[in-house]
Amino acid sequence: MSGWRIPSVLWQAKLLLRERLTVGGIAVDATVGNGHDTLFLAENVGETGRVFGFDIQKEALESAEARLHDAGLLSRVTLFHEGHERLSEVLLPEVKGQIQAVTFNLGYLPGGDKQIVTRPDTTLLALQSAYDWLAPGGLIAAVLYSGHPGGKQEANEVLDWAKRLNQKHTQVLWYQFLNQQNDPPTLLAISK
Ligand SMILES: C[S@@+](CC[C@H](N)C(=O)[O-])C[C@H]1O[C@@H](n2cnc3c(N)ncnc32)[C@H](O)[C@@H]1O
């Protein structure tokens, strides 16, 4: 095989997100987990930007906080111990219409309790709020997993929701490797 590789799902998500983020911008990590995506967003909004992160697991938020602290970027981030479905109640109203990018990384926390997973009903509420709160030109990147119990159902419900977004003002992309085995993750990107 040559050295050329098509970007992985996680890398492609970063490429798309990076294009939309500017210094001073606002971003949301809807599933903070260990904070890898939160850190990426914080790096890309610069010193004057703001990242809001949500997770229902305290241990995840503590791990993310340590990562952000070590990188010297914690001051750019506000972490909420709240479900992402409460986005519109938790964020200040002035943030509405200003969010450049939102990440979702569905499923369970790597290295954590595999019983604690994102769920279709709350994920769909959060995606709709995230979409409603995006700035014009904003992007949602959602990494979907179907290998764990309930994952396929969740991914299908998310894709059904996304397919119904009006093509007049929204682009919806589904990025996946068709020949990878063992239910590889896929990327849903929504550009408003
Ligand atoms: C795949 S992990 C995220 C990994 C993360 N991107 C990272 O860099 O480590 C999914 C996370 O979603 C969280 N989660 C589950 N339900 C949630 C909800 N309703 N709102 C916010 N986070 C939720 C889980 O606790 C878990 O930490």
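Read-outs throughout are calculated quantities, based only on the coordinates presented, and are distinct from any laboratory measurement. Everything numeric here is computed off the predicted structure, so don't read it as measured data. No Cβ is skipped: glycine too gets one built from the backbone with ideal geometry, and neighbour counts run over all protein chains shown.
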- Item | Extended-chain gain in nm, criterion 0.36 nm per residue less alpha-carbon gap, residue 119 and residue 174 | 17.8 nm
- For region 138-145, what does the Karplus curve 6.51 cos²θ - 1.76 cosθ + 1.60, with θ = phi - 60°, yield as ³J(HN,Hα) per residue in whole Hz, taken in order and with x for Gly and Pro? x, 9, 9, 10, 10, 8, 9, 10
- Amide H neighbours of residue 80 at under 5 Å, excluding residues fewer than 5 places away on the same chain, with H built from the backbone geometry, are 53, 54, 55
- In order over region 124-134: 3J(HN,Hα) from phi, Karplus 6.51/-1.76/1.60, θ = phi - 60°, whole Hz, x for each Gly or Pro, gives 5, 4, 5, 4, 5, 5, 4, 4, 5, 8, 5
- Message: Which lysines, if any, have their Cα less than 16 Å from the Cα of residue 58, not counting same-chain residues under 8 positions apart?
- Response: 114
- Residue by residue through region 88-95, which ³J(HN,Hα) values in whole Hz follow from phi under the Karplus form 6.51 cos²θ - 1.76 cosθ + 1.60 (θ = phi - 60°), with glycine and proline marked x? 6, 8, 8, 6, 5, x, 5, 6
- In whole angstrom, how far apart do the alpha carbon centroids of region 1-36 and region 111-155 sit? 16 Å
- Task: Be a star and scan region 121-139 for residues whose amide nitrogen sits under 20 Å from the point 7 Å along the Cα-to-Cβ vector of residue 157.
- Result: 121-132
- Message: Taking the number of other C-beta atoms within 10 Å as the exposure measure, put 177, 104 in order starting with the fewest.
- Response: 177, 104
- Among 23-31, 67-75, how do they line up from the highest to the lowest mean number of other beta-carbon atoms within 10 Å? 23-31, 67-75
- Task: Give, to the nearest whole percent, the P(r) tail of region 1-72 beyond 22 angstrom, counting all Cα pairs.
- Result: 28 percent
